[in-house]
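Everything on this sheet refers to the single structure shown next.
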Amino acid sequence: MNSLAKITAHGSYVPEKIMNNQDFEKIVETSDEWIQQRTGIEERRIANEDEYTSDISYKAVLDLQEKYQVDISDVDMIINATLTPDYKTPSVASYVQAKLGLKNAGALDINAACAGFTYGLNIANGLITSGQNKKVLVIGAETLSKITDYTDRGTCILFGDGAGAFLVEYSEDETSFIASSAGSDGDKGHNLYSSELSETMFGEDLENPGYIVQNGRGVYKWAVGNVPKIIEATLNKANYKKEDLSWFAPHSANARMIESICDRSGIERDKALMSLKYYGNTSSATIPLSIDLAVKEQKLKKDDLILMVGFGGGLAYASTLIRWTI
Ligand code: UT7
């Protein structure tokens, strides 16, 4: 008997408070024009002071349940991808497990920054196909506003808060998962970090403890050079060509960067699904939020071939080539 893993539902939640580019003109030396031209971002959502990653993760799962009327009472594993957990311990996933009252679910957080959601999906596929689990919730959620320095114009205009969730279930006859790749260039990790203490990394001093620090140019160059290789490697594993793709769902950090990745990879720009225009860079949540928007816009059809590529802090990456099974 086959043990296959199938995506059966998805949901999302974003905080109500909106911060648009004009709001940033009032707090740092920037302009709506600069932000739109360099990033494509128009607005982002900001969590309330007492709203944490577990709260928005929970609400994304409620949305999933409401949209698809799926029974999640027998979920046996919750994977929360996040770099902004409420606490070091308990995990966000444990909070979500408690809030949902899922008595039989294991719970763990993973941190692969912006690649967290695609790592999480691939782990869920492995848990189900190996027979360990039958119903897994994969959540990508961040409250990046809590670690953003709103005096640093180079980073504060980029980040936002949001959550997305997928339900991955055991199936005997249909799989969503076709091929995946993952890796990390850890020696370049100092290009994007958030440290609680002022320390050094590979001999370099770390700045601004408690907040996100990014060498935007450095990450940009790495991404446009490497993501096309990840795309190629993942497609090759399954003997697919770029032309076979229905959609490309990369980590939604910067529209210019994604266009450049598309051009270098020979993927038509209008196949790229993005969430950054409305939500900014929400790290592990960008990909499920892009998928959610695409569903709302009625772009996705059953059996569409979608390549998701998460990349960022680490500098780590993970891709997953899926067949849309909803
Ligand atoms: O999610 C994790 C992965 N992260 C990424 O994928 C991020 C990749 N990188 C990027 O998206 C871009 O590098 C940024 C959007 C972060 C920055 O854009 P850029 O075109 O690379 O700008 P830059 O950092 O090279 O800065 C160019 C100029 C600088 O001024 P000078 O030194 O030329 O006078 C900056 O100080 O733009 C200035 N600048 C700004 N000006 C107005 C930086 N931030 C701003 C701002 N408003 N908000």
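Computed quantities for the displayed model
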item: Segment 28-143 - accessible surface per residue (Å², probe 1.4 Å); result: 44 Å²
item: Antiparallel %, DSSP beta bridges [both residues in segment 4-171], to 5; result: 70 percent
item: Antiparallel content of DSSP bridges confined to the chain, in %, to 5; result: 70 percent
item: Pairwise FRET efficiency - GLN22 versus ALA98, Cβ, R0 = 41 Å, nearest 0.05; result: 0.55
item: Sulfur and carbon atoms: percent of accessible area, the chain [1.4 Å]; result: 45 percent
item: Value of D in µm² per second that Stokes-Einstein yields for the chain, Kirkwood Rh from Cα pairs, at 20 °C (1.002 mPa s); result: 109 µm²/s
item: Charge sum, other residues only, whose C-beta stays under 11 Å from PRO85's C-beta, Lys/Arg counted +1 and Asp/Glu -1; result: -1
item: Residue-normalised accessible area of segment 177-323, expressed per residue, 1.4 Å probe, Å²; result: 43 Å²
item: Sequence ranges 96-102, 264-270, 281-287, ranked by mean other-Cβ count within 10 angstrom, highest first; result: 281-287, 96-102, 264-270
item: CD proxy at 222 nm, helix term only [per DSSP H run n ≥ 4: -39500 (n - 2.57); per residue of the chain; nearest 500]; result: -9500 deg cm²/dmol
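The values are calculated or read from the model by the stated rules, or taken from the named source; none is laboratory data. Quick caveat: nothing in here was measured; it's all calculated off a predicted structure. Using ideal geometry, Cβ is built from the backbone for each residue, glycine included, and neighbour counts are taken over all protein chains shown. The area values use the complete protein model at the heavy-atom level, side chains included, leaving out ligands, DNA and RNA. Shrake-Rupley method; radii C 1.70, N 1.55, O 1.52, S 1.80 Å.
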